[in-house]
Number of protein chains: 2
Amino acid sequence: MSIDTKLDMQEVSQIMKLLGDKTRLTMMKMLQAQDFCVCEFVEIFNMSQPAISQHLRKLKDIGLVKESRKKQWIFYSFNRDHDCALLIEELLQHLPDQKERLVELEAQGLRISCE
Amino acid sequence: MSIDTKLDMQEVSQIMKLLGDKTRLTMMKMLQAQDFCVCEFVEIFNMSQPAISQHLRKLKDIGLVKESRKKQWIFYSFNRDHDCALLIEELLQHLPDQKERLVELEAQGLRISCE
DNA sequence: TACTTATATAATTAAATCATTATATACTGA
DNA sequence: TCAGTATATAATGATTTAATTATATAAGTA
């Protein structure tokens, strides 16, 4: 049932703690589908920019997301190389996709496309 | 990939928050294999009885465990009827079994058997 | 270079969390 | 009924968490 050799209790509980916040859990669900930059999340969650930055930092510190700069924006992506990536992806499968949030963002013309 | 129709973000994040504590996560892993009573957990985790009771209460309040009295003991069991039971069981599969803890408990003669 | 936009960090505060001690409740058996 | 054991609840305090405001850094552009 698990491809990973068994994971560490300590590590998994820390990750669960991070996913125990609705904002971060939703972020991860969205990042499973595509990358987002900070300012998009600010709009999506209607939350202050530092609050968003701090959530992303926690996710980054524990290795669940990676960041990469593109032009003036910093995009965050799901880190599928993480030890617990499989566990997390399984978990996220149980959650509703957040399409409406993306649709709304696009409707407001706030989607950042960068290529 | 999921049998459950999609779960609620709010509910899942609350559950993840509960599993974000190493003691509770370990409890759930152990309860996946068999039932335990409070005093066994007190020994296993080497923690005060009220601390254990309060962890179990949180798990019970959110519906992850059920309790049943047997003689003077109260046994806790994994509630497989919970909405999120499947998700949780999947998650727990990734964790190492806690056999050593049980072995140690038995070695100390502190396992409560009740039938 | 100076201005604007995007993001990060620091300081602060309110609320939540977790363990402890003290106490109450409930069952068992003499 | 009383004593002992098992468990729950309440009160308290230390620590952590998550948001805010203020400020710093870095890139883009006129």
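The values are calculated or read from the model by the stated rules, or taken from the named source; none is laboratory data. In this text the structure is predicted, and so the values were computed from the model without any measurement. No Cβ is skipped: glycine too gets one built from the backbone with ideal geometry, and neighbour counts run over all protein chains shown. These area figures cover heavy atoms from the full protein model, side chains too; ligands, DNA and RNA do not enter into them. Shrake-Rupley method; radii C 1.70, N 1.55, O 1.52, S 1.80 Å.
Residue-wise HN-Hα couplings along the stretch B:65-76, as the Karplus relation 6.51 cos²θ - 1.76 cosθ + 1.60 with θ = phi - 60° gives them from phi, are 10, 10, 10, 8, 7, 9, 6, 7, 9, 10, 9, 10 Hz; Gly and Pro carry x. Between A:Val65 and A:Lys60, A:Asn79, the built amide H atoms are under 5 Å apart, and every one of these is 5 or more places off in sequence or on another chain. Each Cα pair under 8 Å and six or more residues apart adds its separation to the average, and for chain A the resulting relative contact order is 30 percent. Our helix-only sum for chain B, with -39,500 (n - 2.57) per DSSP H run of n ≥ 4 divided by its residues, gives a mean residue ellipticity at 222 nm of -16000 deg cm²/dmol.
B:Phe78 sits among other residues whose Cβ lies under 9 Å from its own Cβ, and their net charge, with Lys and Arg +1 and Asp and Glu -1, is 0.
For a 29 Å ceiling on Cα separation, which of these pairs sit above it: A:Lys6/B:Lys6; A:Lys99/B:Lys58; A:Lys71/B:Lys6; A:Lys58/B:Lys22; A:Lys99/B:Lys60; A:Lys99/B:Lys17? Kindly include the intermediate steps, with their values, before the conclusion.
Values: A:Lys6/B:Lys6 27 Å; A:Lys99/B:Lys58 32 Å; A:Lys71/B:Lys6 36 Å; A:Lys58/B:Lys22 18 Å; A:Lys99/B:Lys60 33 Å; A:Lys99/B:Lys17 24 Å.
Among A:Lys6/B:Lys6; A:Lys99/B:Lys58; A:Lys71/B:Lys6; A:Lys58/B:Lys22; A:Lys99/B:Lys60; A:Lys99/B:Lys17, the Cα-Cα distance tops 29 Å for A:Lys99/B:Lys58; A:Lys71/B:Lys6; A:Lys99/B:Lys60.
Across the stretch A:23-31, rounded Karplus estimates of 3J(HN,Hα) from the backbone phi angles (6.51 cos²θ - 1.76 cosθ + 1.60, θ = phi - 60°) give 4, 5, 5, 5, 3, 4, 4, 5, 5 Hz, Gly and Pro being marked x. Each of B:Asp81 and A:Trp73 was given a label point 7 Å from its Cα along the Cα-to-Cβ line. The distance between the two points is 4.8 nm.
Could you run the numbers on buried accessible area between A and B, total for both chains, 1.4 angstrom probe, in Å² to the nearest 100? Please report the intermediate quantities before stating the final value.
On the way: alone 7230 and 7260 Å², together 11930 Å².
Using a 1.4 Å probe on protein heavy atoms, the buried area is about 2600 Å².
The alpha carbon centroids of the stretch A:1-71 and the stretch B:1-54 are separated by 23 Å.
Based only on the alpha carbon positions, what is the Kirkwood hydrodynamic radius of the protein assembly as shown, in angstrom?
On the way: mean 1/r = 0.0520 Å⁻¹.
Its Kirkwood hydrodynamic radius stands at 19.2 Å.
Residue-wise HN-Hα couplings along the stretch B:85-102, as the Karplus relation 6.51 cos²θ - 1.76 cosθ + 1.60 with θ = phi - 60° gives them from phi, are 4, 5, 3, 5, 5, 4, 4, 5, 4, 7, 9, x, 5, 10, 3, 4, 5, 5 Hz; Gly and Pro carry x.
Here the stretch B:29-70 has 45 percent of its accessible surface on carbon and sulfur atoms, given a 1.4 Å probe and all protein chains in place.
How would you classify the stretch B:28-110 from its alpha-carbon gyration tensor, with a ≥ b ≥ c the square roots of the eigenvalues: rounded for a/c under 1.5, else prolate if a/b is greater than b/c, otherwise oblate?
Cα axes put the stretch B:28-110 in the oblate bin.
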